[in-house]
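Peer 1: A single structure is presented below for examination.
The values are calculated or read from the model by the stated rules, or taken from the named source; none is laboratory data. No experiment lies behind these values; they were computed from the predicted model shown. Note: ideal-geometry Cβ built from the backbone for every residue, glycine included; neighbour counts use all protein chains shown. The protein model used for the area step is the full one, side chains on, heavy atoms only, and it has no ligands, DNA or RNA in it. Shrake-Rupley method; radii C 1.70, N 1.55, O 1.52, S 1.80 Å.
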2 protein chains.
Amino acid sequence: MVEKAEFPQVQIVDVRPQLGCGRYAVKRIEGETLRVTADIIKEGHDTLVAEVRYRPQGDSEWRSSRMTYSYNQDEWSGEIPLTDPGSVEYTVASWVDSWATWAEELRRKVAAGRDVTSELLEGAQFVRDAAAHADPQVRPLLEEHAEQLSGSAPQPERVHAALLPEMKSLMETAQRPEGLSTYDSTLLVSVDRERARFGSWYEFFPRSHASAPGSHGTFREAESRLPGIRELGFNVIYLPPIYPIGKTNRKGRNNALVAHPGDPGSPWAIGNEHGGHDAVNPELGTIEDFDHFLAAAKAEGLEIALDFAIQCSPDHPYVREHPEWFRRRPDGTIKYAENPPKRYEDIVALDMWCEDYPALWEELRRVVMFWVKRGVRIFRVDNPHTKPLAFWGWLIPEVRREYPDTIFLAEAFTRPKKLQLLAKLGFSQSYTYYTWRNSRHELEEYLTDLTRSEQAEYLRPNFFANTPDILHEYLQHGGKPAFKIRLVLAATLSPTYGIYSGYELCENTPVRPGSEEYLDSEKYQIRQRDFSAPGNLNEYIRCVNEARRANPALQLYTNLRFHYPDNPSVMAYSKSSEDGSNRLLVVVNTDPHHTQEATVHLDGGVLGLGHNSRYRVHDLLTGSSWEWHGISNYVRLDPHYEPAHMFRIEEL
Amino acid sequence: MVEKAEFPQVQIVDVRPQLGCGRYAVKRIEGETLRVTADIIKEGHDTLVAEVRYRPQGDSEWRSSRMTYSYNQDEWSGEIPLTDPGSVEYTVASWVDSWATWAEELRRKVAAGRDVTSELLEGAQFVRDAAAHADPQVRPLLEEHAEQLSGSAPQPERVHAALLPEMKSLMETAQRPEGLSTYDSTLLVSVDRERARFGSWYEFFPRSHASAPGSHGTFREAESRLPGIRELGFNVIYLPPIYPIGKTNRKGRNNALVAHPGDPGSPWAIGNEHGGHDAVNPELGTIEDFDHFLAAAKAEGLEIALDFAIQCSPDHPYVREHPEWFRRRPDGTIKYAENPPKRYEDIVALDMWCEDYPALWEELRRVVMFWVKRGVRIFRVDNPHTKPLAFWGWLIPEVRREYPDTIFLAEAFTRPKKLQLLAKLGFSQSYTYYTWRNSRHELEEYLTDLTRSEQAEYLRPNFFANTPDILHEYLQHGGKPAFKIRLVLAATLSPTYGIYSGYELCENTPVRPGSEEYLDSEKYQIRQRDFSAPGNLNEYIRCVNEARRANPALQLYTNLRFHYPDNPSVMAYSKSSEDGSNRLLVVVNTDPHHTQEATVHLDGGVLGLGHNSRYRVHDLLTGSSWEWHGISNYVRLDPHYEPAHMFRIEEL
């Protein structure tokens, strides 16, 4: 049998944006609005009304905002204001505006010269039906209108009364929605604070900042580095793991299998007799010292990002207290982490699908919440792709439900679909393949994929120009120009980017030819540096970060558009603020060795420039400016002088 | 708290094909296989197994076929055999092959020269676990293997035994799937019989086939036309409504408001005192005469498509028996159908959302089933877009559940998204905008959209070159060449196409300039024709239909590929059978007035031709053939001689 309840009168099709059929949330930033569109279809010619409904996840009451019919046939769109970080549910509803449908037909019949006696009686009935369910204050007014429509006044007068705008707005709220239909699924948008989109990251090892040469630095001593980082213009400091470091099978300098006395070990071998993921390496200080460091950073306008690495040294308390959380060999010993032929002897892997995995997952949440409650709101997650994807899909929303300002960065150097799925499951930001995209062609292709595909809805890149694990050969062989080029590209292609300490000194010696590892890697030893050594990039970095701070266009991401220099080594791209008042044009010579010249052909439509436009391009890196004319202009970039222009386009 | 059951160990993402997140079925033809792909992702390096699961809708047991890892990273694909018309559900499951994972690690460790004593013990344990749940016949074998692995034989021997293929296949079935995960949604494919994809339609009014000039023809008389239609090569006959025709406000010739005595009326004004949608117009004969006609057609290899138009003349029995199914005016009279300023005085519209719409919908299903049970299996639905979309989404699957060989063709000349939604909701075929796409550019753009977008999954066009409502000005002004051009295009661009009676005589006089209606339209009067009148296209049509019958490539749809003549009036496209053995190349001069020449540049990759290829092009329309060389060849098409080549590409 036909069941009445099963059939929507209005078909709401393909609500957008939508990710994985609503399985995953799209991402936005607080203060933005989410534009929601839907195809809304009904038979015949009824006048439809549509609204987007939304509510903070967990609320029972929907709010709503009216949708408007867009220029695309059958497409409607509406907007949701995203006022706070958190998760917001949304869906779409639509119904027939019977009054407007009737009024439109009346108008057409009158225009065709028809007698509309019957129609006016019908209209009067609509008004009477509405009156029956209306507020007591409105009811008399509606009843009066009904009398007027069905009354004895001349027909043109009654038609005029029926079509008055007051009548329309009165009936819009008074009548009951006819054929009310709702989209059969609830979608989700995850709203982050602005730092999830725009941030300048600096990674450093506090232990390398002792006041005495050669000794192990402490949080207290590392505080002295904070003003310098602030002066460079960074606003996020990412600390490699600060937890106690294992002693069993500790790695020595340059990843040696045996550590010498005094070798500090890799901070990713977490846990010893002083504690595990919720303790601080005593060599760095106490937990109170960490709190003090956090406060000192905050005073400088710097936010701390902690590392969250789900792995243990063999000395981690879990090994003793929860042997059931580890994989064991038939002889009962715990397995080391390995990916044959590679072995990681200083690490044992937690078995994330062990029999009692719920207890393990809860414990890991407790660890994260431990740091969240101390004030940490950014976590850089080490190798999330080697942990269950379902775990992240559970953990991140759990933490953000209580602390929606928490940001998770995924360090997943893995295959594209796995990297993307982590972002869909909740990571606010992702490490990317940026370090391995160095030519103009590679960068244009990669950034087009990131910003023009569905990925733009959920994957925010964090472009690190180097990391303690990645010293790309481009930097190894390109000298200082290479460091400037990769800095400018990272800092202007992506609104979130970072460098790892030593970049400003152009450190570029690999452990051996063909390796991306640093010689004397700071992962295994303390490296004190003279940050004002000759040849440093401090002033260049400060300048780039200042340009990012002062130009809203550089704080956005999907506004990236490529232009067309006639030289394959030169790339050009622009970013404009939404209102178009701030327009940046970056031109980069991707060849760190040779001077390159190009005529840069601009996409005039993107920048609001025409063949006859005259404007100034003001280089924010050098302060120079030129008057340009039209959409094709000449540039010459000597990498040993300035490999890039960061132009602000200004009215003359 | 973490609930174990919530978390899949393997993430199955984005199973394809998928339409509207599984809300709608994709379409295929019996005998085809459905290729299903999915991205399947798990942390780490486990060896995964994946299968596509499928079952006829309504069955409780799944069948399955193994998926294979495709060359795209993390993508798997498998196939479902579609043996019968009907609806088939499918989904994807995946799990870890623990034995294969272990064996792969063993292999790598052995290759790295490691001692694997512990690993072999672990392997033995896997085998023992499997033995514990295995069939009694297999158990001893497994136990023996376990003993062997953990035994005292030299390590290389035990490794060799562990890695034997027999061991792999034994364990594949014996071990229990670890981390079994299923896609969280069930998808649907709707399987039609071949006629839903490939058919040659001929529309005609039986009433115009009286043996005596001027009188109303009967089914018995119209049977005399069947051999002629069969000889033209058609295989579906579409009959305009055959039901009793209303008398109240009956339309006269050329849509006159008043009918003269003897005017037969529009057959779309359905119902009078002789019955409604389940009766036959007595002027055509009895229901037994219809059955006889159906059988006679079948004997000629012709299938009958009936018209299903949900509308009533004011004399329809429903008006008397079910006044509650109609919209009424305040004075109690039933409303005529109208779309101001247009009025359809001979029709009253059923109120498909009336209070008791379930009873009305059930009655309409009964009507369809009435004809289905008499042997009709194709319905051409009149204006489905003016009826509730949800109604079609209910009716069509209801009918096809019992009679899966039923085909519904939607005549929805409406906006694209509404037309598409009707197809998604279940229509097997759709009328299209073909008649209004006449230039090469328009046709290429339109066909690319149809065949290369998601529409290819669910929308099958039926390219009618004319209909009783549509005589395009291209035909009005282009003479016989225009009729040949539009015929060849329809018959080769789409595997399903049709013409309405009179096309073969190049009838092209509109009721008035600027109108697409025929003068003396057969909708309102009887039109007897001499089908062998001079200038007829009978032989041309026969030839086109014979080429369609003999060449499997023309019976397919999404195999359409465009090529590049250097003249914008000339279009070229090819179709190849799946195995490439049948290759057709159609070259059409879309200008019915002037001879056009072109060099046709072929996409060699599509046709398996290179710059040095030598081959024969054999024109199936004229029998001529040429030897062509390479991928660029010259054509000259005089529309008054032959406006098109329908080449079969043949080996020399």
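Peer 1: Considering the alpha-carbon set of chain A alone, what are its Rg and its Dmax in angstrom?
Peer 2: My reading of the Cα-based Rg and Dmax gives 31.1, 106 Å.
Peer 1: Suppose a student asked you for the relative contact order of chain A, using Cα pairs under 8 Å spaced at least 6 residues apart; what percent would you report?
Peer 2: Values: 1336 pairs, mean separation 65.7, N = 652.
That works out to 10 percent.
Peer 1: Calculate, for residue B:79 and residue A:564, the FRET efficiency according to 1/(1 + (r/R0)^6) with r their C-beta to C-beta distance and R0 45 Å; round to the nearest 0.05.
Peer 2: Numbers: r = 44 Å, r/R0 = 0.99.
According to the calculation, E is roughly 0.50.
Peer 1: Work out how much length residue A:107 to residue A:278 would gain on full extension: take 0.36 nm times their residue separation and subtract the Cα-Cα distance, in nm to one decimal. The partial results should precede the final answer.
Peer 2: Numbers: separation 171, 0.36 × 171 = 61.56 nm, distance 7.27 nm.
This chain segment gains 54.3 nm when fully extended.
Peer 1: Taking a ≥ b ≥ c as the square roots of the eigenvalues of the Cα gyration tensor of the stretch A:327-471, is the shape rounded (a/c under 1.5), prolate (a/b larger than b/c) or oblate?
Peer 2: Oblate is the answer for the stretch A:327-471, as a/c is 1.5 or above yet b/c matches or exceeds a/b.
Peer 1: Moving on. How many nanometers, to one decimal and shortest first, lie between the label point of residue B:133 and those of its other copies, if labels sit 7 Å from Cα toward Cβ?
Peer 2: 5.6
Peer 1: Taking the Cα of residue A:255, stepping 7 Å toward and past its beta carbon, and measuring to each backbone N in the stretch A:407-426: which are under 18 Å?
Peer 2: A:412-414
Peer 1: With each pseudo-label sitting 7 Å past Cα toward Cβ, what's the residue A:4-residue B:413 distance in nm, one decimal?
Peer 2: With each label point 7 Å from Cα toward Cβ, the separation is 3.7 nm.
Peer 1: Please give the per residue accessible area of the stretch A:391-542, computed with a probe of 1.4 Å over protein heavy atoms only, in Å².
Peer 2: Counting only protein heavy atoms, the per-residue value for the stretch A:391-542 is 31 Å².
Peer 1: Just want to confirm a number: the relative contact order over the stretch A:561-651, from Cα pairs under 8 angstrom separated by 6+ residues, in percent. Don't skip to the answer; put the middle values down first.
Peer 2: Working: 208 pairs, mean separation 29.6, N = 91.
For the stretch A:561-651, the relative contact order is 33 percent.
Peer 1: Which positions within the stretch B:325-353 get 20 Å² or more of their accessible surface covered by the other protein chains, compared to the chain by itself, with a 1.4 angstrom probe?
Peer 2: Flagged in the stretch B:325-353: B:329, B:330, B:335, B:338, B:339, B:340, B:341, B:343, B:353.
Peer 1: Using a 1.4 Å probe and counting only protein heavy atoms, arrange B:190, A:581 so the residue with the most accessible area comes first. Walk me through the numbers on the way to the answer.
Peer 2: Values: B:190 15, A:581 90 Å².
Largest accessible area first, the residues go A:581, B:190.
Peer 1: Which FRET efficiency value, to the nearest 0.05, is calculated for residue B:336 and residue B:603 with the Förster distance at 51 angstrom and r the Cβ-Cβ distance? Each step should come with its number before you reach the end.
Peer 2: Values: r = 54 Å, r/R0 = 1.06.
Computed FRET efficiency for residue B:336 and residue B:603 comes out at 0.40.
Peer 1: In the protein assembly as shown, carbon and sulfur make up what percent of the accessible area (probe 1.4 Å)? Don't skip to the answer; put the middle values down first.
Peer 2: On the way: 25240 of 51830 Å².
Looking at the protein assembly as shown in its full context, I get 49 percent from C and S.
Peer 1: Between residue B:453 and residue A:527, with labels modelled 7 Å along Cα→Cβ, what's the label distance in nm to one decimal, could you check?
Peer 2: Between residue B:453 and residue A:527, the simple spin-label model gives 5.4 nm.
Peer 1: What is the stretch A:99-174's relative contact order, in percent, from Cα pairs under 8 angstrom and six or more apart in sequence? Walk me through the intermediate numbers first.
Peer 2: Details: 61 pairs, mean separation 26.0, N = 76.
The normalised contact order for the stretch A:99-174 reaches 34 percent.
Peer 1: Another question, then. Per residue of chain A, what 222 nm ellipticity follows from adding -39500 (n - 2.57) for every DSSP H run with n ≥ 4, rounded to the nearest 500?
Peer 2: Numbers: 16 runs with 180 residues, N = 652.
One gets -8500 deg cm²/dmol as the mean residue ellipticity at 222 nm.
Peer 1: I've got another one for you. What is the calculated FRET efficiency for residue A:367 to residue B:321, with r their C-beta to C-beta distance and R₀ = 56 Å, to the nearest 0.05? Could you put the intermediate results ahead of the total?
Peer 2: Numbers: r = 74 Å, r/R0 = 1.32.
After rounding, the FRET efficiency stands at 0.15.
Peer 1: Counting only the backbone N, which residues of the stretch A:414-436 are under 19 Å from the spot 7 Å out from the Cα of residue A:185 toward its beta-carbon?
Peer 2: In the stretch A:414-436, the label zone of residue A:185 (backbone N under 19 Å from the point 7 Å along Cα→Cβ) covers A:421-426.
Peer 1: Looking only at Cα atoms, what is the convex hull volume of the stretch B:99-174 per residue, in Å³?
Peer 2: Working: hull volume 5.5 nm³, N = 76.
It comes to 73 Å³ per residue, whole-number rounded.
Peer 1: Quick one: label points 7 angstrom along Cα→Cβ at residue A:73, distances to the other copies in nm, smallest first?
Peer 2: Here the equivalent label points are 4.2 nm apart from this one.
Peer 1: For residue A:118 paired with residue A:168, estimate the spin-label separation in nm (one decimal), with each label point 7 Å from Cα along the Cα-to-Cβ line.
Peer 2: Rounded to a tenth, the inter-label distance reads 2.6 nm.
Peer 1: Just to be sure I understand: chains B and A are related by a rotation, so which residue of B has its Cβ closest to that axis, and how close in Å?
Peer 2: B:21, 2
Peer 1: Then there's this: Determine the principal axes of the Cα atoms in the stretch B:548-617, then give the extent along each, sorted from largest to smallest and rounded to whole angstroms.
Peer 2: Cα spread of the stretch B:548-617 along its principal axes, largest to smallest: 37, 31, 20 Å.
Peer 1: Mind jotting down the distance between the C-alpha centroids of the stretch B:234-298 and the stretch A:134-157, whole Å?
Peer 2: The two parts, judged by their Cα centres, are 47 Å apart.
Peer 1: Could you give the distance between the Cα centres of the stretch A:413-438 and the stretch B:601-649, to the whole Å?
Peer 2: For the stretch A:413-438 versus the stretch B:601-649, the Cα centre distance is 49 Å.
Peer 1: Still on this structure: If a/c stays under 1.5 just call it rounded; otherwise compare a/b with b/c (prolate if a/b is bigger, oblate if not). Do that for the stretch B:421-545, with a ≥ b ≥ c from the square roots of the Cα gyration tensor eigenvalues. Can you show the working numbers first?
Peer 2: On the way: a/c = 1.83, a/b = 1.64, b/c = 1.11.
Here the stretch B:421-545 falls in the prolate category.
Peer 1: Starting from 0.36 nm per residue, how many nanometres of slack lie between residue A:542 and residue A:288 once their C-alpha separation is accounted for? Show your work: numbers first, answer last.
Peer 2: Details: separation 254, 0.36 × 254 = 91.44 nm, distance 3.14 nm.
Using 0.36 nm per residue and subtracting the Cα-Cα distance, I get 88.3 nm.
Peer 1: Run through the stretch B:53-135 and list the trypsin sites (Lys or Arg not before Pro) located in a DSSP loop whose Cβ has at most 10 other Cβ atoms within 10 Å.
Peer 2: On the way: sites: B:53, B:63, B:66, B:107, B:108, B:109, B:114, B:128; in loops: B:114.
In loop regions of the stretch B:53-135 (DSSP not H, G, I, E or B), there are no sparsely surrounded trypsin sites (Lys or Arg not before Pro).
Peer 1: In nm, what does the list of distances from residue B:156 to its counterparts in the other copies look like, shortest first, when each label sits 7 Å along Cα to Cβ?
Peer 2: In ascending order, 11.1 nm.
Peer 1: A further question follows. Compute the Kirkwood hydrodynamic radius of the protein assembly as shown, taking the inverse of the mean of 1/r over all pairs of distinct Cα atoms, and give it in Å to one decimal. Numbers along the way, then the final one.
Peer 2: Working: mean 1/r = 0.0274 Å⁻¹.
36.5 Å is the Kirkwood radius here.
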